[in-house]
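The values are calculated or read from the model by the stated rules, or taken from the named source; none is laboratory data. Keep in mind that this is a model prediction, so the values were computed, not measured. Cβ: placed from backbone, ideal geometry, glycine included. Neighbour counts: every protein chain shown.
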Amino acid sequence: MNIILLGPPGAGKGTQARTLVETRKMIQLSTGDMLREARSSGTEMGKVVAAVMDRGGLVTDEIVIGLIREKLEGDKQGGFIFDGFPRTLAQADALAELLAEKSETLDAVIEMRVDDAALVARIAGRSTCGSCGEVYNDTSRPIPADGHCENCGGTEFKRRADDNEESLKVRLMEYYKKTSPLIGYYYAKGQLKSVDGLASMEDVEAEIAAILDA
């Protein structure tokens, strides 16, 4: 099973992807993770990525598609979660062509709907475990009193410099300009399903599970 998780920054895509990796043995394909992995891999594609990043250039859609192609040719386990890709209509078309080339299907596109004001409140208080990436929030899920991550026991927590109201508004505008058209794109294809991205993690997990099980 192959799925796309859609939603603005802070909607919880990464958290739900990690749950699917654990419970369904799916493989999370995060653009950022793939680029970092490629850069240190020493492969031909990795050298290309390193050269682009070292000179401060933008990684092209062709490079990202190349990295995804390599993943599709490897171990498929329970299928793939596309997290952070596609971001534009052109990328969506390129991904569709690649999946067809590899005789793969896209089984669901799950939109994590959010309210902007509530999302800003959520993100402004967000921090993550420096070891495993577990997400905490000053209000809804504070860092444990003993200072240890509930998931891995780590004691180092990070807060993104751009996790503030003004920066988030800029990131949301970028999302609405470039990525939100994908909602209509996949709706027209009959592949779009929506969940409440601001519900509890457990409720969102249950909604996604129901979509996949159906």
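Descriptive notes on the structure:
- Looking across the stretch 1-19, just one residue is more than 12 Å from Asp83 (Cα to Cα) and assigned to a helix (DSSP H, G or I), and that is Thr19.
- When the stretch 137-147 is limited to residues that are modelled with pLDDT of 80 or more and out of contact with any Phe, Trp or Tyr (no Cβ under 7 Å at 6 or more places or on another chain), the one that is surrounded by the fewest Cβ atoms within 10 Å (Cβ to Cβ) turns out to be Ala145.
- Subset of the stretch 110-125 [touching a residue at least 24 places away in the same chain (Cβ under 8 Å), within 18 Å of Val204 (Cβ to Cβ) and surrounded by fewer than 20 Cβ atoms within 10 Å (Cβ to Cβ)]: Arg113, Asp115, Asp116, Ala118
- Selection count where residues are part of a loop (DSSP other than H, G, I, E, B) and under 18 Å from Asp107 (Cβ atoms), scope the stretch 176-208: 3
- Any hit, the stretch 83-91, residues being out of contact with any Pro (no Cβ under 6 Å at 6 or more places or on another chain), touching a residue at least 12 places away in the same chain (Cβ under 8 Å), farther than 26 Å from Tyr185 by Cα and among the basic types (Lys, Arg): no
- Selection count, the stretch 59-100, where residues are over 23 Å from Ile183 (Cα atoms) and in contact with a helix residue (DSSP H, G or I) (Cβ under 8 Å, 6 or more places away or on another chain): 9
- Selection status of Val120, at pLDDT below 95 and either in contact with a Phe, Trp or Tyr (Cβ under 7 Å, 6 or more places away or on another chain) or of a type outside the set (D, E, K, R) (or both): yes
- Screening the stretch 151-165 for residues that are assigned to a loop (DSSP other than H, G, I, E, B) and among the charged types (D, E, K, R) and picking the one that is nearest to Val135 (Cα to Cα) gives Arg159.
- Among the conditions (1) surrounded by 13 or more Cβ atoms within 10 Å (Cβ to Cβ); (2) farther than 17 Å from Gly12 by Cα, Asp75 misses just one, which is (1).
- Checking each residue in the stretch 42-75 for being free of Cβ contacts under 8 Å to residues at least 40 places away in the same chain, of a type outside the set (A, V, I, L, M, F, W, C) and under 27 Å from Ser103 (Cα atoms) picks out Thr43, Glu44, Gly46, Thr60, Asp61, Glu62, Gly66, Arg69, Glu70, Glu73, Gly74.
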